[in-house]
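A short reminder: the numbers here are calculations on the coordinates, not readings from a lab. Owing to the predicted nature of the structure, the values given are computational and were not obtained by experimental measurement. Cβ placement follows ideal geometry from the backbone for every residue including glycine, while neighbour counts extend to all protein chains displayed.
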Amino acid sequence: MITTNTPADAEWEPHAQRLADELAAAGKFTDPRLAEAVRAVPRHAFVPTYHQQTPDGSWAQRTSVDDLAAVYSNTVLITALARTATGGTTVLSSSTQPGLMTRMIEALNLADGARVLEVGTGTGYNAALLAHRLGDEQVCSVDVEADLVELARQRLAELGYHPTLVVGDGAAGLPEHAPFDAIIATCAVPAIPWAWIEQVRPGGVILTDLKPAPGAGSLVRLTRTAEDRAEGRFDPTYAAFMDLRHTAGDNPAGFQVERDHGQAEHRTTSLDPNTPWTSLLVWFLASFDLGPGISYGYTLPESGAVPVRSDTAPTACWMATPDGSWAEIALASDNGQHEVAEGGLRRLWQLVENAHDTWTELGQPGWNRFGLTVTREMHTVWFDHPDGKRAWHIASH
Ligand SMILES: C[S@@+](CC[C@H](N)C(=O)[O-])C[C@H]1O[C@@H](n2cnc3c(N)ncnc32)[C@H](O)[C@@H]1O
């Protein structure tokens, strides 16, 4: 077990001050009340230890007080890990980049006295920023992991913060504490939970990472424009949070489909197989055709397939959908042409190529050109204007 010392205020306060200055200079907020919150909340108290991945892929535990500068930098700190069914490791919780938190809080446009629900308490650091800015009474936070909530409660209380903390599935919101002026989620949702729309007051804001399929989506800021409608735009800057889990400790494993090249159709493509991950809007637009349960990774020469993070040089990208369709695209090219193999019912790489064509026809726009309208029945992603000609749909759940 790692024991931690408590640094004196004189040790951590200059780091917090520097972080506040850095975030302000980088445009992560303009509101002086947020600068005050970043200066006042000791991040190390919420992240006394964290995990760092080493070059060989294993995880090492670090102690915050040994490197206060690292803890007061604008970085994600991994705070909870769990074993996967296949013996791997997955991240259960982290302390989000402080600059992303301040940017998101500022995007909520909170007036003094506003009431906020945070979904994804994690370490409690963001709940502390919110409580510092708004007051304990105004802040509720929920996390599906009971032990994380308990730790956050203790650490917040030691610093004199007492927001309402609840253990549960944040997808249900907190009806007993509604209505809220804003709901901010620090985990990604495949669709906006209807409970959030019901629990935010008309004119109130929902800010969350919408990812209808793995890796496909970004931050969207919605306003409840009517009793049964929320609408808004994607944030210009891409952001990614871990997926919301309905059950504590749950870590849905990706799946693989046997890729029988003998039964596949073979062709070449001029589209670089890395494109969906270097141009994430292509992946987002493709996800509406690919469907929600997509799995993907890199193919290694010796082992077949691995998750996307690996130090071994891969030879191809693969993707698969639950209907048994798959595609594998060689990373190497000959005269700009990559070998493609596609098997199963659908030609998956063709769907990605179509999405790339659409994105190119639209002038390769950024996230801010896209918006979302949510009704009880349907999520509609639109281009430039809610009544515009281009729209993509997913069912509301
Ligand atoms: C990126 S972390 C949150 C960081 C946090 N805001 C902070 O300041 O430390 C995401 C959190 O979402 C939580 N989470 C996942 N599924 C959830 C759910 N259904 N309801 C509430 N929280 C959930 C995870 O347990 C994790 O702690």
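One table, with the values for the structure above:
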read-out	value
Order of TRP392, TRP277, TRP196 - criterion: other Cβ atoms within 10 Å of each residue's Cβ, fewest first	TRP277, TRP392, TRP196
Zone of THR375's modelled label, taken as backbone nitrogen in region 186-227 under 18 Å from a point 7 Å along Cα→Cβ	192-195, 197-198, 223-227
ASP243 versus ASP21: modelled label distance in nm, points set 7 Å from Cα along the beta carbon direction	4.3 nm
For region 74-166: rounded, prolate or oblate by the Cα gyration tensor [a/c cutoff 1.5]	prolate
For the chain, the spread of Cα positions along each principal axis, largest first, Å	65, 51, 38
Region 165-200 and region 352-379: distance between their alpha carbon centers, rounded to Å	25 Å
Spacing of the two label points (7 Å from each Cα toward its C-beta) at LEU331 and THR315, in nm	1.2 nm
Cα gyration tensor shape of region 9-234, rounded if a/c is under 1.5, else prolate or oblate by comparing a/b with b/c	oblate
Residue-averaged 222 nm ellipticity for the chain, from DSSP H runs of 4+ at -39500 (n - 2.57), nearest 500	-7500 deg cm²/dmol
Convex hull volume per residue in cubic angstrom - Cα atoms of region 261-304	130 Å³
Gaussian network model of the chain, Cα within-10 Å springs - most flexible of MET101, MET319, MET378	MET378
Rounded to 5, percent antiparallel among DSSP beta bridges of the chain	75 percent
For a label point 7 Å along the Cα-to-beta-carbon line of ALA69, residues of region 22-53 with backbone N under 16 Å	22
The chain, relative contact order [Cα under 8 Å, separation at least 6], %	11 percent
Projected label distance in nm at ALA157 and GLN263, using a 7 Å step from Cα toward the beta-carbon	5.8 nm
Estimated FRET transfer efficiency (SER396, GLN52; beta-carbon r; R0 51 Å; 0.05)	0.85
Equivalent ellipsoid, region 261-361 (semi-axes from 5 times Cα gyration tensor eigenvalues, Å)	19, 16, 15
Dipole of the chain, positive direction: furthest Cα of GLY344, VAL139, THR75, with charges on the beta-carbon	VAL139
Sequence-separation-based contact order of region 261-361, relative, with Cα cut under 8 Å and 6+ spacing, percent	33 percent
